[in-house]
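Have a look at the structure below before the remarks.
The values are calculated or read from the model by the stated rules, or taken from the named source; none is laboratory data. Since the model is a prediction, treat every value here as computed from it, not as a measurement. Every residue, glycine among them, receives a Cβ derived from its backbone with ideal geometry; neighbour counts consider all protein chains shown. Calculation scope for accessible area: heavy atoms of the full protein, side chains included, ligands and nucleic acids excluded. Shrake-Rupley method; radii C 1.70, N 1.55, O 1.52, S 1.80 Å.
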Amino acid sequence: MLTTKPFTLVCLIVLSCLLQAETVKLGVGQDLPPYVLRESNSGIELDIAREALQVKGYEITPVYLPFGRVMLALENGDVDAALTVNEDSGIADIHYSDSHITYQNVAIALKKSGFKIDSVQSLGQYSVLAFHYASRYLGSEFELMANKNPNYAEKGQQNIQVSMLYLKRVQVVVLDFTIFKYFKRLETRVNTDAQIDVFKIFPPTPYKVGFRNVKIKDDFNLGLAELKKNGRYNELVKKYID
């Protein structure tokens with residue numbers, strides 16, 4: 001008498017393999033709230049990348065690295081994909097996704113100060129507190145202003161920028177606006193009710209995910225488009241800043 005048990009077992013094993021999600025090792029900078037929150041494996045960018053890939057059946061394994069090593073890990077094949085990159089990253093043979101996030105650096109001052117900041121150069125007359133390495137990343141004009149301004153400083157802990165602005169310890173802060181809103185929401189020691197002026201004197205910077213595999217990149221793009229279409233994308237962003 002013939003039995004179908006071995007055949008059934010083989011089919012179940014094959015089906016299990018087919019249903020098992022492919023894992024994508026994603027290179028990520030150490031910690032950049034609210035975009036990346038290492039402690040909880042979450043953040044705006046991580047959540048977007050995770051859910052966009054889940055749409056097409058992938059799972060991500062974040063690989064946290066110092067920012068300077070993320071690109072090298074992608075180039076060497078130590079990870080399958082990486083945040084936060086674009087074509088200016090200068091890595092050959094990498095497939096860049098559609099833009100999944102846009103950073104908008106701004107200058108922010110208290111509204112009652114009445115400042116009129118219409119250029120990078122005009123920052124030179126104020127005390128300015130920027131994020132760490134801002135003088136490297138925000139262009140040559142900003143670097144010149146920083147070098148000439150005796151009241152210019154940088155801080156690695158960006159929550160300090162928010163508190164120092166509202167405490168009037170500094171006249172202007174320079175940072176990504178989403179990061180500002182995130183830390184403003186979390187601030188409990190300092191009153192942050194005062195109105196602010198936001199000066200968009202820096203161009204927005206669209207960022208992408210770099211992939212070594214073009215098919216996974218294409219699948220990511222399809223998943224990202226679906227998140228934007230069904231409203232889930234906006235939900236993920238608002239979760240951290242509203």
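Assorted remarks:
- Bridge type composition, the chain - antiparallel percent by DSSP, nearest 5: 50
- Protein accessible area in the chain, 1.4 Å probe - carbon and sulfur %: 51
- Which label in (i) 39.4, 150; (ii) 22.2, 93; (iii) 17.6, 49 gives the computed Rg and Dmax of the Cα atoms in Å: (ii)
- Accessible area in the full protein assembly, largest first, 1.4 Å probe, for His95, His100: His95, His100
- Accessible area per residue for the chain is 56 Å², calculated with a 1.4 Å probe on protein heavy atoms, without ligands, DNA or RNA.
- Applying 1/(1 + (r/R0)^6) with r as the Cβ-Cβ distance of Ile91 and Ala225 and R0 = 30 angstrom yields a FRET efficiency of 0.80.
- Seen from Val120, the other residues with C-beta closer than 11 Å to its C-beta sum to a net charge of -3, counting Lys and Arg as +1 and Asp and Glu as -1.
- The convex hull of the Cα atoms of the range 36-135, projected and averaged over all directions, covers 9.3 nm².
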